[in-house]
Amino acid sequence: MTITVNLTVNGQKVTRQVEARTLLVQLLREHLDLTGTHVGCDTSQCGACVVQVDGVSAKACTLLAAQCEGANVLTIEGLAKDGKLHPMQEAFREHHGLQCGFCTPGMVMSALDIVRRHPSPDEATIRKELEGNLCRCTGYHNIVKAVAAGAKAMRG
Amino acid sequence: MAEPAPAPPHESAWLHVAGAAPYIDDLPERADCLHAAIAQASVAHGRLTKIDIAPALALPGVVAVMLAKDVPGINDCAPIVAGDPILAVDEIVYAGQAVAAVAATSLDAARRAASRIKIAIEPMPAIVTVDRALAVGSFLTPSQTMTKGDAADGLARAPRRLEGTLRLGGQDHFYLEGQVAMALPREGGDMLVLSSTQHPTEIQHLVAKALGRGFKDVVCEVRRMGGGFGGKETQAAQTACIAALLAWKTGRAVKLRLDRDVDMTLTGKRHDFRIDWQIGFDDAGRISAWSVDLAARGGCSVDLTDPVVDRAMFHADNAYYLEHARIAGHRCRTHTVSNTAFRGFGGPQGMCAIEYAIDEVARALGKDALDVRLANLYGHGSRDVTPYHQRIKDNILPELMRALETSSDYRNRRRAIAAWNAAHPWLKKGLALTPAKFGISFTNTFLNQAGALVHVYTDGTVQVSHGGTEMGQGLNTKIAQVVASAFALDFDRVKVTATVTDKVPNTSATAASAGTDLNGKAAADAADKIKRRLIAFGAEHFKVPPDRIRFTAQGIEVGTRRLTFAELVGQAYMARVQLWDSGFYATPEIHFDRERQRGNPFYYFAYGAACSEALIDVLTGESRILRADLLHDVGNSINPAIDLGQIEGGYIQGLGWLTAEELWWDPAGRLRTHAPSTYKIPTARDLPEDFRVAFWPEANHADTIHRSKAVGEPPLMLAISAWLAIKDAVAATAEHRLSPQLDAPATPERVLLAIEDLKRRAKLPAEARS
């Protein structure tokens, strides 16, 4: 069965005909060519596919595209403006909060959600809140530092 | 040589944080691109009697099904010794083995079709465990034994002896990007394969053989991997070969991306080991004899099991002088997935053996394990010959461990923990400080070679290609720094390209921590040739002596004048000077006679030590690391941020292996922990609460690139301190009167069992307790 979904992605209104079973992550990657949202485990555990739906973080492999009808979706590609990185992106780059980079988009998107709920997160909060995002390279130490620095930069 | 510029961030960092660094699954697909999926066997051992592909072919969108009989060339993707069929022929040797592959117009159609292929297997008895393999004599290759002195005599004469059996679990790589390849047919049947691999040359070779073509007809390209850790050294080949075979069969582009369950059941992992050890020592804790049998579960084929077990043997001394040593390595053949390279490559298992034994020695003597370690370290100029008869010339561990003992406040914390434990019946703390000495070089000497290609363009920007691959470890960043520093250029003037087999041929895998050592030297060699030509040109053109030409951060000084690099190369080009060149490097001074188990297999050693403090819950067996102090030797760091990341990440990955990640096969030989739902790698919550990492400030004694040291694997072994800290905490539940048996991974279940075992033993008569 094919359905029509209408949503806003990174500020652009989009309409696509998709199979009803299409996941949000498939819509983003395969229909909209937004491949910065990654598929790491296919089962909603690794967090590489985290995006924001109406301002709240969500794992894009666990949502149907149809559930996002009318929603406002923000992906990693929507963060940088005019070639200038978002402060959280800049913090990950500056603090070496990445190695292979595969988990990075999901980490950055989760970090923004942490800051939304905890504008000045301490290290313990960041560690606890990042539990849904797996990284196999860094040991998380620099990711935690990057989130703290990004949160600080966002406060201005 | 100019000083290296301040360390830049990872060369792809901007792209990574912007979601703009493509992995293979992110690349645009050709209009004709098909998607592939694999049908797997569900039993561990049996005879393949029938494969019915009709139900798959009947599904809409299915274009082709590939079986072993359809392979035009050699149906084998083994790296060294044949025995890894790309698709099963007539015998099934592990549950999860690939039997058929499907190409379809969508991934969904391919996966549905693969699930409908009917595979009939007549089951046969399966050997699943190392114990069973040892009992029935099932081996992949002959066992090897390394000897120094006379261990049997040394044990017999030793004032005290201990022995035991230790089991260490395996580990799934859990690279966040699973195995993936895209095969793109080219003119005349040639094939371009984009592969997430640590070894593009081997992919080129194996794809060519599978297709029945020459190596010249196949190109393999890898821009970046989403993690490797050894899991893409040989294990990328099957995915690449299947994609290429389906592309050959259909004449269309084919992409194969394994989903996580398929990846974990199809591909090899870190070897689990059974270790039987005997140690002889005196009342002061000085070791005189060490005899150990290291038995690895190799799985169903040889793959890299031989060099992995060799490396376990090379590291069963870890940091300690052994007057009499007998180190045997056994390579068990089992009906399980073929185990493979994983960061450390057997080294960690060898080290665990002796570190565990030393912990037991200390407990038997009532000494602090650190004192026993310090008493047995290799010396300077004496007590410096390894069991493989290499003399250690660069030992820094006595100084390094003393420095860590001080900086971690080990002695005071030891006392504080004892007092704390006395006051807390349900929580116990433990402390351990362990060293790591890791031999650098491929132990198969011929692999220690590398090539690079440097292009200087007429605008003064530079492109570098080399044989290594980028998997997140920062290799390309370091190579760009090396070339930038050779020409005294800013980092952003140098670009490292994707690794492609038509740029630099006959490369070795990016493995053995040797990526920067080998490829950095090769890139420097190429840059140096160009630089010499530029100096010769400048001397003649500007009529100055060659030694008056200097490459500086402010530009090229030619006598009294100053040019930009672009101006110099522009003029050199007009004078018909070659501005590009290749470079080559072969590690000197290394050799090894495997028959006699003697030689100098390592160019140098990388050292480190860690002090970990653990907390356990006596009622649940849960553990946490409260504090970890790491002091690690990277020589002159080319990029401190990258090296720190390797140390931190290595420790946490080792912590996962030794405390949390459990591969569990059922008695029928089926892996039951094949997804992150049941297989738990560390999360951000598993970080030590207090995590302190420092470099040992000393240049490499060996002539390596910028006198740096390899850093990929060694820090993983610093996590042995965490495992032994947990063992120390378990021992505290019995007031350190008994030594617990604690196999790895030290999961909550194993910690509880160890505590219960201590309780049981405490009730026994004294002579029956050990």
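Couple of notes before you dig in:
- Any hit, the range B:42-60, residues being within 14 Å of chain A (Cβ to nearest Cβ), within 27 Å of A:R29 (Cα to Cα) and small (G, A, S): no
- When each of B:L162, B:L134, B:L155 is tested for being assigned to a strand (DSSP E or B), aliphatic (A, V, I, L, M) and within 23 Å of B:R274 (Cα to Cα), the lone residue that passes is B:L162.
- Considered as a group, the residues in the range A:3-23 that are more than 30 Å from B:A13 (Cα to Cα) and of a type in the set (S, T, N, Q) include one that is surrounded by the most Cβ atoms within 10 Å (Cβ to Cβ), and that residue is A:T22.
- Qualifying positions in the range B:381-401 - more than 28 Å from the chain's Cα centre (by Cα) and either surrounded by 15 or more Cβ atoms within 10 Å (Cβ to Cβ) or among the aliphatic types (A, V, I, L, M) (or both): B:R383
- Top-ranked residue in the range B:604-640 [being more than 21 Å from B:Y320 (Cα to Cα), surrounded by 24 or more Cβ atoms within 10 Å (Cβ to Cβ) and β-branched (V, I, T); ranked as farthest from the other protein chains (Cβ to nearest Cβ)]: B:I616
- Strands (runs of 3 or more DSSP E) contained entirely in the range B:570-632, each with at least 1 residues that are more than 29 Å from B:G468 (Cβ to Cβ), in contact with a helix residue (DSSP H, G or I) (Cβ under 7 Å, 6 or more places away or on another chain) and not β-branched (V, I, T): B:604-617, B:623-632
- Among the residues of the range B:572-591, those identified as without any contact (Cβ under 8 Å) to a residue 40 or more places away in the chain and within 18 Å of B:A527 (Cα to Cα) are B:A572, B:R576.
- Some residue of the range B:170-182 being in contact (Cβ under 8 Å) with a residue 60 or more places away in the chain, out of contact with any Gly (no Cβ under 6 Å at 6 or more places or on another chain) and closer than 30 Å to B:R769 by Cα: yes
- Enumeration of residues in the range B:561-581 that are more than 16 Å from B:T461 (Cβ to Cβ) and loosely packed, with under 15 Cβ neighbours inside 10 Å: B:R561, B:R562, B:M574, B:A575, B:R576, B:Q578
- Where strands (runs of 3 or more DSSP E) sit wholly within the range B:26-85, those with at least 1 residues that are in contact with a Pro (Cβ under 8 Å, 6 or more places away or on another chain) occupy B:46-52.
- If you filter the range A:117-156 down to residues that are within 24 Å of A:S44 (Cα to Cα) and of a type in the set (G, A, S), you find that the one that is surrounded by the fewest Cβ atoms within 10 Å (Cβ to Cβ) is A:A124.
- Verdict on A:R29 being touching an Asp or Glu at 6+ places or on another chain (Cβ under 9 Å) and not in a loop (DSSP other than H, G, I, E, B): yes
- All of B:A684, B:A699, B:A694 fail the test of being modelled with pLDDT of 95 or more and facing chain A (nearest Cβ under 10 Å), apart from B:A684.
- Test: residue in the range A:24-33 that is touching a Phe, Trp or Tyr at 6+ places or on another chain (Cβ under 9 Å) and either farther than 20 Å from A:N133 by Cα or buried (at least 21 other Cβ atoms within 10 Å of the Cβ) (or both): no
- Those residues of the range B:153-180 which are hydroxyl-bearing (S, T, Y) and within 11 Å of chain A (Cβ to nearest Cβ), in sequence order: B:Y175
- Residue in the range B:641-654 that is facing another protein chain (nearest Cβ under 10 Å) and surrounded by fewer than 20 Cβ atoms within 10 Å (Cβ to Cβ) present: yes
- Count of residues meeting criterion [crowded, with 24+ Cβ neighbours inside 10 Å, among the charged types (D, E, K, R) and over 22 Å from B:T497 (Cα atoms)] in the range B:218-255: 1
- Residue selected from the range B:181-197 under the condition in a loop (DSSP other than H, G, I, E, B) and crowded, with 24+ Cβ neighbours inside 10 Å, by the criterion farthest from the other protein chains (Cβ to nearest Cβ): B:T197
- Within the range B:137-152, the set of residues being part of a strand (DSSP E or B) and crowded, with 21+ Cβ neighbours inside 10 Å comprises B:L140, B:M146, B:K148.
- Every listed requirement among (1) surrounded by fewer than 23 Cβ atoms within 10 Å (Cβ to Cβ); (2) within 31 Å of the chain's Cα centre (by Cα); (3) part of a strand (DSSP E or B) is met by B:A120 save one, (2).
- Filtered by the rule that a residue be in contact (Cβ under 8 Å) with a residue 60 or more places away in the chain, of a type outside the set (A, V, I, L, M), more than 14 Å from every other protein chain (Cβ to nearest Cβ) and part of a loop (DSSP other than H, G, I, E, B), the range B:664-681 gives B:P667, B:G669, B:R670.
- Leading residue by the ranking (surrounded by the most Cβ atoms within 10 Å (Cβ to Cβ)) among those in the range B:281-311 that are hydrophobic (A, V, I, L, M, F, W, C) and out of contact with any His (no Cβ under 8 Å at 6 or more places or on another chain): B:L304
- Qualifying residue in the range B:692-706 (condition: assigned to a helix (DSSP H, G or I) and closer than 30 Å to B:A523 by Cβ): yes
- Residue satisfying condition, being more than 27 Å from B:A31 (Cβ to Cβ) and not acidic (D, E), within set B:A64, B:A103, B:A95, B:A58: B:A95
The values are calculated or read from the model by the stated rules, or taken from the named source; none is laboratory data. As the structure is a prediction and not an experimental result, all values here were calculated from the model. Methodologically, a virtual Cβ is constructed for each residue, glycine included, from the backbone with ideal geometry; neighbour enumeration extends over all protein chains shown.
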